[in-house]
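Reading through the C-alpha cells given below for one structure.
None of the figures in this text is laboratory data; all of them are computed from the coordinates on show. Treat the numbers as computed from the prediction; the structure is a model and nothing was measured. Neighbour counts run over all protein chains shown; Cβ positions are idealised from the backbone, glycine included.
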Amino acid sequence: MKSKIILMSAALFITLSLNAHEHLRGFVYTVVEENGEQVVEPLPFATVHFAETTFGSTTDEKGFFDVHKPNTTDTLILVVNYTGYAPDSIPIPPGRTEIEIILETNVEIDELTIRRRMGTSYVSRLQPAHAEVITERGLQTLACCNLAESFESSATVDVGYADAVSGAQRIEMLGLDGIYSQIMFENIPNIRGLSSTYGFTYIPGPWMESIQISKGASSVLNGYESITGLINVEYKKPQHSEPLFLNAFANTEGRYEGNLTSAVQFNDEWSTMILGHVSTQQTKIDHNENTFLDVPLGTQVNFINRWNYEDAHRFHVQFGLHFLNEDRRGGQKDFNKSTDYGTQNAYGLGVNTRKIQGFFKGGFAVPDSELSSIAAMATGTVYDQSSFFGLNTYDGNQKSFNASLLYQTIIGTAAHNISAGLSYMYDDYSEIFNEVKYDRVESVPGAFGEYTYNYLEKFSLITGFRADHNSEYGWFFTPRVHFRYEFDEHNILRGSAGRGYRSANIFAENSPILASSRELFIEEDFKVEEAWNYGLNFSRIMHLSGDREVALNIDFYRTEFTNQVIADLDQDAQRVVFYNLDGKSYSNSLQADLTFEVFNGFEVHGAYRINDVKATINGELRRLPFVNEHRGILTLSYETPMEDWYFYVANQYNGPGRLPDSGGNPSQYRWDEFSPSYHLMHAQVTRRFANFDIYIGSENITDFKQDNPIIAYDDPFGDYFDASVVWGPFTGRKVYAGIRYTFLR
C-alpha cells in the first residue's frame with residue numbers, strides 16, 4: 001500500500017493542469033466619500049464581457065473577476081455594466097492580462113451614494129448551461145457549517161439525513177440521489193466513490209467562496225459521470241483573500257466549531273493559504289427519549305494548504321494538500337465500546353474516516369502563439385473508512401488518481417473555438433462487509449473534444465463527445481450538447497442534452513441500510529449505470545422602478561436510465577435486494593423561481609418544484625421512496641441602509657413522499673405508505689462591525705420532528721430494527737450563535 005501511495009504522490013506532483021485560455025483578471029470598483037475621505041468600494045456582481053462575443057463573467061463579492069480572453073491577435077473591447085452606474089468600454093490589446101476599472105454613478109443626488117447589494121444567489125446570464133451561484137453572502141445566511149447545510153435555502157438541491165443514527169447527510173438534485181450529480185472543487189473531481197456517504201460534511205462553509213450549481217449534463221471536459229448536474233465549490237483563493245479570517249460557532253446541542261483561513265502574498269507571483277477546521281460534538285442528546293443519540297458524538301480535524309503561482313503573461317500554477325481525520329460515535333446513550341462492542345449489551349456505532357488528497361493544476365499559452373493554450377490537471381486521493389453499526393461491520397479503502405490534458409484553440413475567428421484532450425482515471429476499491437471482501441479496480445483512459453460556436457451575444461452552441469474505456473465495464477460513449485439563445489436583453493432560452501455513466505458502490509451509497517437489521521442480497525453482477533438527461537430553461541428579467549429587477553426562471557429536466565442499480569426496499573421489509581434495472585426508470589422535474597427586490601434592501605425569493613420520479617421495482621413501475629413530490633421555498637432578507645444589520649428568514653415546504661413497504665412487519669413496526677407534508681423555518685440576524693460580525697439564528701424554529709425515526713428501537717438486535725426510514729428532521733429546534741473576524745490589510 002505504501003508503495004502505491006508513493007507512486008501516486010510522485011505522479012501527482014509532476015503533472016500540470018487547469019485553465020487553457022489566456023485570462024484577463026481585474027478589479028471593478030467605485031470611489032465614494034465617507035467621513036470626508038475618498039474610499040474605494042468594490043462592485044460585486046458587475047457583468048464584464050468582450051463585445052461581439054459571449055466570453056464574459058461577473059465580479060465576485062469583492063469586485064474581482066477572471067474572464068477567458070477570445071483567442072485573437074486583435075484588440076478587444078471589454079464592456080463593463082453595473083446597475084446604477086455608467087457602463088464603460090475599455091480596449092484590451094493583445095497580451096494584456098490585468099486591469100483595474102472604476103465606474104461612476106450615473107445618478108447624482110446630494111449626499112447619497114447608490115449601491116447594489118450583494119445577493120445570496122444569482123443565475124448567470126452569460127453561461128450556456130443554467131448555472132445558479134450561491135454567493136459568500138448566501139453561505140453566511142444560515143449556520144452553513146458544511147457543504148450539505150449550505151443548500152438549506154436552495155430550491156435546486158434538497159438536503160436531509162440519511163438515517164437516524166450516523167449523522168450522514170444526503171442531497172438530491174432533480175429528484176435523484178446526489179450520487180448522480182458530479183461534485184467538484186474548482187473543477188477537480190472531489191466527492192465520489194466511497195466518500196459519497198459523509199463527504200458533504202467534509203467541506204466547511206467558511207472555506208467556500210461560492211458554489212456553482214449546474215443542472216443537467218455538464219461539459220465533456222469534466223468527464224462522463226455527470227447525470228443530473230454538477231456542483232462546483234470554489235474555495236477562497238490566496239491571491240484574493242484576507243490575511244486572516246476566523247469563525248467560531250456553537251449551538252444548543254453542544255456542537256462547537258472553529259474555522260481559520262489565512263492568506264500570504266509573498267510577491268506578485270507567489271501566494272499561499274491555509275484553511276483549517278476543527279469541530280466537536282460531546283453532548284449526548286436524546287430529545288425523543290428512545291435511548292439513541294439524536295446526534296452522534298465525535299471530532300473532525302480538517303486542513304488544506306494551497307499555493308498559487310502566476311506569471312502575468314503566460315503561466316498559472318496551483319497545487320495543494322488536503323488532510324482530514326474524523327471520528328464519529330453514536331448509537332444508544334449507554335453504549336461503551338470497550339465493553340459492549342461485538343455484543344448485544346447495547347447498540348453502538350463508530351465511523352473513523354481518514355483522507356489525504358493532493359492536487360496540482362496549471363495552464364499556459366503556447367509559445368509564439370496568442371491563439372492556442374494548453375492545460376493539465378492531476379489529483380490523487382487516498383480515502384479510508386473503518387466503521388461498525390451494531391453487529392454489522394464495514395471497512396472501505398479507495399485510492400484514486402485523475403489526470404487530464406487539454407488543448408484549446410480557435411478555428412479561423414474567435415467565434416469558433418475547439419477544445420480537445422486526453423484523460424485518465426484510476427480507482428482501486430477494497431471493501432469488507434461483515435468479513436466478506438469486495439474488491440474492484442477501474443482503469444479508464446479517455447479522449448474528448450468540444451466545439452463552441454458564438455454568434456455575437458445572441459447565440460452560443462457547445463457540442464462535445466468523449467470516448468472512455470473502463471477496464472471493468474468496457475467502452476463509454478458520451479455525447480453532450482448545450483445551447484443558449486438570447487431573444488433580447490430580457491429573455492433567454494437554454495437547452496441541454498447528454499448521456500452520463502457511473503459505477504455503483506452499494507455499501508457506501510446505501511449506508512443507511514447498515515443501520516438496520518435488513519439482510520443484504522445481491523442478485524447479479526452489476527452493470528454500469530447509464531442515463532440520458534434532457535433539459536430546457538427560460539429566464540426573464542423585468543425591471544421595476546429605479547434599478548430594481550424581477551428575475552423569473554422556469555426549467556424542466558428529464559432523466560431516463562438505460563440501466564440503474566436498484567436497491568429494492570419493497571420486496572421484503574426485512575431485507576434489501578440489489579439488482580440491475582429491468583424496465584423503466586426516470587425522473588421529471590419542473591421548477592419555477594422568482595426573485596425581486598420589494599424596496600431598497602428587502603429581497604424576496606420564492607421557488608416551487610414538482611417531482612415525478614419512478615423506477616421499476618420488483619417488476620412494478622413505482623414512485624421512488626423518500627422523494628418529495630412537491631417542494632417549495634420562500635426566503636425574505638433585509639439589509640439596513642448602512643449595511644450594519646442583516647435579517648434573513650427561510651420557509652421550506654416539503655410535500656409527501658412514498659415510503660418503502662412495511663406490510664411484512666408486525667403491526668407495531670409498520671409505518672404509513674406516504675410521509676406527511678411539513679414546513680421548516682430558519683432565521684438568522686447578523687450585526688456587522690468594522691472587521692467582525694456577530695450572528696445568531698435558529699434552525700427548525702417550529703420544532704417539527706418526525707415521530708419514531710427508529711423502528712423497533714427497543715429491540716436493536718431484533719429482526720425489525722430499522723433506522724433508515726427517515727423522511728424529515730428528528731432533532732427539533734436548534735439555536736446557534738457565532739462570530740466572524742476579518743483581519744483587514
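Descriptive notes on the structure:
- Cross-link table 69/399; 333/705; 337/734; 215/437, entries beyond 26 Å C-alpha to C-alpha: 69/399; 337/734; 215/437
- When both segment 601-624 and segment 672-689 are represented by their alpha-carbon centers, they are found 19 Å apart.
- Going by neighbour counts of Cβ atoms within 10 Å, the residues 468, 340, 488 line up, fewest first, as 488, 340, 468.
- Computed helical MRE - 222 nm, the chain, DSSP H runs ≥ 4 contributing -39500 (n - 2.57), nearest 500: -1000 deg cm²/dmol
- With K and R counted +1 and D and E -1, the other residues having a Cβ less than 9 Å from that of residue 263 yield a net charge of +1.
- In segment 642-745, the chymotrypsin sites (Phe, Trp or Tyr not before Pro) that fall in loop regions by DSSP, at most 10 other Cβ within 10 Å: 689
- Cβ crowding within 10 Å, taken as a proxy for footprinting-reagent exposure, orders 437, 734, 284, 69 from fewest neighbours to most as 437, 284, 734, 69.
- Computed about its Cα centre, the charge dipole of the chain is approximately 800 debye, with only Lys, Arg, Asp and Glu carrying charge at their Cβ.
- 14 Å beta-carbon shell around residue 210, net charge (K/R +1, D/E -1): -4
- The chymotrypsin sites (Phe, Trp or Tyr not before Pro) of segment 305-344 that DSSP puts in a loop, and whose beta carbon has at most 16 other beta carbons within 10 Å, are 341.
- Kirkwood Rh, Cα atoms: Rg over Rh of segment 655-695: 1.48
- Mean Cβ count within 10 Å, highest first, over the residues of peptides 375-385, 654-664, 225-235: 225-235, 375-385, 654-664
- Tail beyond 16 Å, pair distance distribution of segment 279-368 (Cα, percent): 68 percent
- Between the helical axis of 2-12 and the longest alpha-carbon principal axis of the chain there is an angle of about 20 degrees.
- Positive end of the dipole of the chain (Cβ unit charges, origin at the Cα centre): among 271, 381, 57, the Cα lying farthest that way belongs to 381.
- Taking every DSSP beta bridge that has both ends in the chain, the antiparallel portion is near 95%.
- Gyration tensor over alpha-carbon atoms, segment 614-685, equivalent ellipsoid semi-axes in Å: 40, 14, 7
- Among (1) 12; (2) 22; (3) 29, the entry derived from the coordinates for percent of Cα pairs over 50 Å apart: (1)
- A cut-off under 12 angstrom between Cβ atoms defines the neighbours of residue 334, and their net charge, with Lys, Arg +1 and Asp, Glu -1, is +1.
- Contact order, relative form, for segment 565-701: 19 percent (alpha carbon pairs under 8 Å, 6 or more residues apart, mean separation divided by residue count).
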